[in-house]
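Asks: Here's a structure for you.
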Amino acid sequence: MKCLLISSQSAEVLFHWTDPEFYQNVQAQYVSSQEDGHGLPAFEDSISTLFAPIIISCITMVDRLGDSYTSFTTENNHIYVLHQFDECLYIAVNGDGEEGEGDLRRKIYVMKKMIEVMFGMVTLSSNLLKRELRPQDTEQRARLWEHLQSLLETYSHLRENDQSFLVEAVERLIHPTLCEQCIEFLERRLVQQLNSSVERAGEEVLHAFILVHTKLLAFYSSRNASTLSTSDLLALIIMSQNMYPSNTDQDDPNPEDIESTSGSGPESFYTPEPSPTDMDSRSSDMPVRESTPLFEFVDPDVQMAEDSLHTLEVPPPDPSTPRRVFLEVSLKDGLFPMMPHSMYCLPLWPGITLVLLTKIPTSAVAMSVYTFLEAFAKLEKRLNEGQEGPAATRGQPTIHDIRSKLDKFIKALGASEIQSAQLQNVWTDFKNRIGRGGPGFNRELIHSCKNMKTQLCGVYRQCFLIESGTADSPRRLSPGLQERAQTMVQDKLMDWKDFLLVKSKRNITMVSYLEDFPGLIHFICVDRSTGQMIAPSLNITERNVSELGKGPLAQFIKSKVWSLVSTTRRYLQKGYSTVTLRDGDFYFCYFLWFENETGYKLEAGDIPVLPDDSAPIGMLAWDYYRKLLRYYSKNHQGEVVKCYELLTVHLGVIPTEVILQHCRQLASKLWEPSRNPLL
């Protein structure tokens, strides 16, 4: 019984996702009340009617009291979590006991993050975002909602099965020699050839990386590129997995290969098989996504509700068509969120993918739009705080500072563009209001600020969300250029593909740690400064098993690890950086600490205490650790501060002092063998 709904303040459905149980439960409520001869209402109407009292109640409380509830539990133990972002209300529901308030809140924030990656600064205008999330064309709306539903299901699957998404950090494949070779190949051959080609249509490859399932084999950024944030990289991995889902049972080689290729220490070797001579093997190895409906219903009344969008099929993605994504860019001039990029996701073999991120020719427009949006947002804030209009406009940055820049910007857009003409009219009105003054000046100016922000977001939408360029000359890397890039990387990795697929399932193993740390069952170590993590594999499928087997014990340990991460986050939210607890036959430890760049452990300080309804701790939806590092670094000016986390699971019979000694030694050892600068 799960549901996620995005609604406007008027209870209009902007997006919904439900599992089959919730769907059938809603439909059953209307089956019994339907008159003879009348079919079921569209599911969208049903769910809108169902949630309308909650939405109206929430909006009314905000209007009347300036406050609202963030969660509640019904008599039948259904949990509802609500969060309002501007004029969009997100509601997450769970009725089967599998998710708590924290899980639902995380799901809401992840959904918001994915929408920001897809729509960029349009999300800063509620009116425009509502139009984007709910297109008038029903077919277009169906495709969009199906895509968002699929992204949410992909994220949920990864979080339930992948440790990197459990702790929200990137896991790399540990094979320094191959990683270095691939990075060098991406830099000196692939990216260089792509950026020197006349077929790139003005685009420039900024980042290139190779994924094996969800693990990072190699990552290269050009010299002109900004650092790709961990939050954005995790979101891109979700999108990549959504386009080409990993079927680990089918993608991976036979399990007999595991023993010969799963070693993680320096003493382990792998001899690749010779390259096949049949060139057709490449095309036969390409992944094919099964085209099946998400859900299948037996009840004929349920099947009639086609508008539910659950039975729509997802067309296979066209690799040559890039996805427009909006990512954070950090430059000398400052931080610019939601800058437009093109994402090319090129499948090499099932489970192995090449991802290219390119800078588009008109990206400078987005930086200008953000600069102007930030200026008007600051002015609006000063006006809302009660500063008088003339004084507010003299704050930093002043309107007079941006007046000439905005005039030039509008002129450069061209008067023929409808959106540009509308921006010009609103900007002229704004300048006239500043000159008038008088009673009600602040209120009128606040309204003008909102109009300016909406029009700027409209220009951004027109430039980056509406396809530009003719069909004869689309603005993207040519299909031929993409195919050559795909072939180059396939040729490079042909001898390694089977090894990589096995290695991704057995990246590092506990066997290599048992001699030094007897009684240690599992650990996860995370470098929060770089967003990277290391952990022994916990993959439990029909064919690929962990060192714990694939029976009840393995599932039990996995559930304990997932529970431990959830518990430690609750304590971290309350300001605790160290947690030790005994649970039956097991002993769990969690540590968060800071070091300088020489590896010297810094004195532990107070961790900020967060309210219960704060954004979830992690790096995907909201980078908690970036803010934590900024907070801690205030007392360490001039030093590069790094943040680490370590979670361990020991047998309960091991003495406590030995466990703590293990944790200290493990923390110092883990990052030594693989200091490969991948990120």
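For every residue, the table says whether it meets (1) in a loop (DSSP other than H, G, I, E, B); (2) modelled with pLDDT of 85 or more; (3) at negative phi; (4) not β-branched (V, I, T).
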{"site": "P319", "(1), (2), (3), (4)": "yes, no, yes, yes"}
{"site": "H341", "(1), (2), (3), (4)": "no, yes, yes, yes"}
{"site": "L348", "(1), (2), (3), (4)": "no, yes, yes, yes"}
{"site": "L357", "(1), (2), (3), (4)": "no, yes, yes, yes"}
{"site": "P390", "(1), (2), (3), (4)": "no, no, yes, yes"}
{"site": "D401", "(1), (2), (3), (4)": "no, no, yes, yes"}
{"site": "N425", "(1), (2), (3), (4)": "no, yes, yes, yes"}
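Asks: In contact with a Ser or Thr (Cβ under 9 Å, 6 or more places away or on another chain), surrounded by 13 or more Cβ atoms within 10 Å (Cβ to Cβ) and either closer than 17 Å to S10 by Cβ or of a type in the set (V, I, T) (or both): is that true of Y90 in this structure?
Replies: Criteria met by Y90.
Asks: If you check every pair at least six apart or on different chains, which have Cβ atoms under 8 Å apart with a residue in region 74-89 that is assigned to a strand (DSSP E or B) first and a residue that is of a type in the set (V, I, T) and open to solvent by 60 Å² or more (accessible area, probe 1.4 Å) second?
Replies: I79/T73; Y80/T73
Asks: When you look at S164, is it within 19 Å of D623 (Cα to Cα) and under 24 Å from the mean Cα position of the chain (by Cα), yes or no?
Replies: Here the answer is yes, as S164 does meet what is asked.
Asks: Oh, and also: Is it true that I540 is part of a strand (DSSP E or B), over 16 Å from K669 (Cβ atoms) and modelled with pLDDT under 95?
Replies: Criteria not met by I540.
Asks: Check Q192, Q241 and return the single one that is in the same structural domain as E180 (by the TED database) and under 23 Å from I534 (Cβ atoms).
Replies: Exactly one of Q192, Q241 is in the same structural domain as E180 (by the TED database) and under 23 Å from I534 (Cβ atoms), namely Q241.
Asks: Within the bounds of region 133-150, is there any residue that is farther than 23 Å from P350 by Cα, touching a helix residue (DSSP H, G or I) at 6+ places or on another chain (Cβ under 7 Å) and not assigned by the TED database to the domain that holds F119?
Replies: No, region 133-150 contains no residue that is farther than 23 Å from P350 by Cα, touching a helix residue (DSSP H, G or I) at 6+ places or on another chain (Cβ under 7 Å) and not assigned by the TED database to the domain that holds F119.
Asks: May I pose another question? Just name the residue that is nearest to V93 (Cα to Cα) out of those in region 64-73 that are in a loop (DSSP other than H, G, I, E, B) and open to solvent by 60 Å² or more (accessible area, probe 1.4 Å).
Replies: If we take residues in region 64-73 being in a loop (DSSP other than H, G, I, E, B) and open to solvent by 60 Å² or more (accessible area, probe 1.4 Å), then Y69 is nearest to V93 (Cα to Cα).
Asks: Looking at region 601-631, which of its residues are among the hydroxyl-bearing types (S, T, Y) and either free of Cβ contacts under 8 Å to residues at least 40 places away in the same chain or touching a Gly at 6+ places or on another chain (Cβ under 6 Å) (or both)?
Replies: Across region 601-631, the qualifying residues are Y624, Y631.
Asks: Wholly within region 118-202, which helices (runs of 4 or more DSSP H) include no fewer than the required count, namely at least 3 residues that are at pLDDT below 95, open to solvent by less than 10 Å² (accessible area, probe 1.4 Å) and of a type in the set (D, E, K, R)?
Replies: Hits in region 118-202: none.
Asks: Looking only at region 1-17, how many residues end up being farther than 16 Å from V110 by Cα and open to solvent by less than 20 Å² (accessible area, probe 1.4 Å)?
Replies: Adding up the residues that qualify gives 6.
Asks: Which of the residues spanning region 215-238 are within 13 Å of L354 (Cα to Cα), open to solvent by 10 Å² or more (accessible area, probe 1.4 Å) and in contact (Cβ under 8 Å) with a residue 40 or more places away in the chain?
Replies: Listed by number, the residues that qualify are K215, F219.
The values are calculated or read from the model by the stated rules, or taken from the named source; none is laboratory data. Treat the numbers as computed from the prediction; the structure is a model and nothing was measured. Virtual Cβ from ideal backbone geometry, glycine too; neighbours counted across all protein chains shown. Just the protein is used for accessible areas: all its heavy atoms, side chains included, with ligands, DNA and RNA removed. Shrake-Rupley method; radii C 1.70, N 1.55, O 1.52, S 1.80 Å.
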